[in-house]
Each structure stands twice: as structure tokens, then as C-alpha cells.
């Protein structure tokens, strides 16, 4: 391109008045492929069907680039198809008004203006359109213009691999890779007459990290989730009613801020052990377990009353005469889920005769997928990795630690879980002391919310923190879209970059 002064670059919707300039542009971009020269009637039809999908770039008033697209169902990416099938043999009858995929049928740049990164501008527009329309992504059949030079030595797949490793420099495919597109599959006999690609194409795809599946019920997935952490003060309560009155006080306060979740600590109901102090510790904890069903019933009613999802921390719970450390998720729509501590501490096993549970799973809530690990469980990285693979966005960790070194184990491993699993981790514990309760005499806690460490998050990886050893609630907003961006575009991508060819983590129980 001759050196010229660039005064203006304008992105505009394609108009039928642009056709003569567009025709000249098509002839320059595809001098040997008449099948890609659209008639004026075809362009007018395309504009009438999907005007927002047809854009041009003008440099100093001259038409310099164009991008054309249709809407399709995302399922088209799962099967082999041809260019003529996508365009309906240039009739565009295949355009699906309610489709959830932006399918690119052409992008071309005037050779005079190459080097101005105009192609990137057109692709950025497509991405913005995809996000604004809440589409699942973008797809198109990408040409392989240099493949004919290597066809005798390499299959299309082998050619792609060498392009990916930069052993072969393919200007078209390299451009797509640099714009965050990935290969979905090879399409044979895609574009008839494409001699350079030998009629092959690469189905390229870009996923919209902001896509939200339409909800069948009013509302839908929440983008910003508000959580309330209860840093619970251990004190004497005369009975269950008084303890639950204090719990309701916190829920009333948290719901007043329109929170989506309330998190209580592990064994927050330990003060009710006081009347059984004359018993040995194993007998006393089983007495405490007799209160669990009623506490859960009351929490379930409070979840409905205050319109909040309650994570009840955990409590001793007897199942078939076996003692577990169990917590409950009381959904605000009335559903009830439970989770067990999987790794009991040596003290819980030796003193109380407690056993570890066997079920690890995420929970679907009206705010997306969450996971819950009780205290010691967060110190085992395999558990949270398995939950992350199921799509967990927030990991809740109710804990109880007596000393600062015990707290530090929970705190530091919880922060590691946020980084390695690209999720939020919310921890809440109890503070204070119970002088006349054996094995529960002192507590140390600082409730916190951890994030990954990248530009969209606090540089320390700490979103919020309570005052240590002080009874309080902590209110925090968590933006799920920031996680989606991190998953795709983070400085590092801990989930995507795992070497699954070398190692994996899997469940041994179904």
C-alpha cells in the first residue's frame, strides 16, 4: 500500500447504496473466485434479513473492508456442513431469526488497506454484537490458502498442527488464532472452487463468555452475587430458641442488604453442648446432634421468610447410628441439599468417633453453581478441583479453628483454591470462647473472601476481610462475569493450561 494520510476510519452498517464500491472490493479480494461475488439483489436480501450483522469499514470515505453474517443454531457446529448449506445457495433462507450463533459468511479487506488492522476491527465488532445479542458465540469456515502447497505431504489436520506450532505461517489461520478463535473441526468440500484450500475449511469458533442461557423461570442467572458472612460469637445460650433468635437476627440484617447467600460457620451451634458437659465428649456430641433436624427445619423456614439461600455451616448429624459432620443448603425456593465433611480431623475421629462422608458435588442455585467444603476439606486441593470441573463459581468454606496456626492452614489453602480454580472462595468462622464446653473452649477466626489474582481482581487476591476475633457480618459483591473473562483471557489460565496429557483428578466413587 502506498503511504497515505489516514484521516478517518469509520465503522458503519452496510447499505445497498454501498453496492458498487462493495462489488469492486469483492473483485479485488477474490479475483479468481466468482462464487464469492455477491449480486446487488443478494446483498439487499441479506441486509433486509439481518441488518445489524452486515458492516463495512470506510477509510477516508472509501470502502476498505466488509463483514457479512447470519444467525444459526449453535448445533450446526457439531456436524459437517458446507458453505452453500449455510447460505441456502445464496438465498439466505437459512437465516434463523432466533438463532444463538453468529455465523460469519465473509470478511474481506481491500488489499490497498492491509496493514491497518482493519480485520481485527471487524472481528471486534462481531464479538460485541455477539455479546449484546446474548449469543453463544461466533463460528465460520476459515479458508486454508496455503494448504495446496503442502497437500501431498500433509493431511489437513497435520497442516493445522504445523500452523499452530508456527512451523508453517498461514496468514489467515494465524490471524484467527490471534483473535482468540479455536478449531472446532475440519470441513471437507466446504467451499466449492476454493483451489488454494482444495475445498477444505477449518470450522473456527469463538465462545461468548458472557452468554447466559435463557431461563425458563422469571429472573435468571445473576451476574453480581451478594454474599453475607456471619462471623459468629461463641457465647452461652440458654436453649435452642435463643440460639436461633441470634441466627435470625443475622439473617434479618443480611437480607436487608438484599444478599443472595448467608454463610454460617462450622459447629456454630456448639454452645448447646454446655448442658451435657458432665458426659464424656463422644456422648455429648451425640446429644448435640439431636438438635440438628430442628435447626435445619427452622433455617429452611427462614430461607423462605428472608428470601435468601442459607449455608448452615455444619452440625453433628447421625445417619444410621453413624456420626457425621454435616451441613445444609437451604434454598430460598424451598429446596434442601446437604453436604458432609469428607476429611474429619484426627481430633474429631479420636474424641467424637466422627466419620467422613463420601459424596462430593456442586449445587445448582438460582445464582449458579456453588460448592461447599467444610474446614479441613479445603486443605485437600483435589476436592475443589473436581468441583471446579463441574462448573463451580463460588466455593463456600465454613470452618472452626481454635488457634491461629489452625486458622492459617484454612486461610492459606483457601486462597490457593481461589487462584488454582479461578473461582471465589468464601470462608466464615467462629470467634470467642466457651469456658465450660470440653473440646470447644477457644476459637480464632477472620472471615474472608478470596479471588484469583489478576488485573480484574484485587492484587492481593483478597476481596474483603472481617476484623479478626470480632463478632460481625461481612457483605461482599461477587461479579461472575469477571470469572468468565479470566477463564478465557486471563494473564494465566490455570484451568485451561493444565497438562491433562500428564495428569488428571477423578472421582473413585459415583
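Just so you know, all these numbers are worked out from the coordinates, no wet-lab data involved. Predicted model only: the values in this text are computed from it and were never measured. For neighbour counting, all protein chains shown are included, and Cβ atoms are generated from backbone atoms with ideal geometry for every residue, glycine included.
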Could you tell me how far the Cα centroid of region 112-144 sits from the Cα centroid of region 221-266, in Å?
47
Write down Rg/Rh for region 224-489, rounded to two decimals, with Rg from the C-alpha atoms and Rh from the Kirkwood relation over Cα pairs.
0.94
Residue 501 versus residue 97: modelled label distance in nm, points set 7 Å from Cα along the beta carbon direction:
4.8
Roughly what percent of Cα-Cα pairs across region 9-207 reach past 24 Å?
38
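I need the Kirkwood Rh of region 333-396: take the reciprocal of the average 1/r across all distinct C-alpha pairs and report it in angstrom.
Here the Kirkwood hydrodynamic radius works out to 12.7 Å.
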So how do 477, 260 line up by other beta-carbon neighbours within 10 Å, fewest first?
477, 260
Can you tell me the relative contact order of the chain? Whole percent, Cα pairs under 8 Å, sequence separation 6 or more.
11
When N counts the residues of region 227-337, how does its alpha-carbon radius of gyration compare numerically with 2.2 N^0.38 Å, as a ratio?
1.05
Based on alpha-carbon centroids, what's the gap between region 489-510 and region 426-465 in Å, whole number please?
27
Taking the simple approach of a point 7 Å from Cα along Cα-to-Cβ for both residue 151 and residue 28, what is their distance in nm?
2.9
Test of understanding: ordering 66, 453, 367 by Cβ neighbours within 10 Å, fewest first, what list do you get?
453, 367, 66
The chain, Rg to Rh (Cα coordinates; Rh as Kirkwood inverse mean 1/r):
1.12
If I model a spin label as a point 7 Å beyond the Cα along the Cα-Cβ vector, how far apart are those points for residue 213 and residue 235 in nm?
4.5
Considering the Cα trace of region 401-467, what is its radius of gyration and what is Dmax, both in angstroms?
13.9, 48
Highest to lowest packing among 305-318, 244-257, scored as the average C-beta count within 10 Å:
305-318, 244-257
For region 316-464, place one equal point scatterer on every Cα, skip the solvent, and apply the Debye formula. What is log10 of I(q)/I(0) at q = 0.14, 0.18, 0.20 Å⁻¹?
-0.71, -1.13, -1.33
Please grab the % of Cα pairs in region 36-114 that end up more than 19 Å from each other.
39
How many Å³ per residue does the convex hull of the Cα positions in region 105-237 occupy?
224
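So if we plug the beta-carbon distance of residue 479 and residue 78 into 1/(1 + (r/R0)^6) with R0 = 51 Å, what FRET efficiency do we get, rounded to 0.05?
It comes to 0.95.
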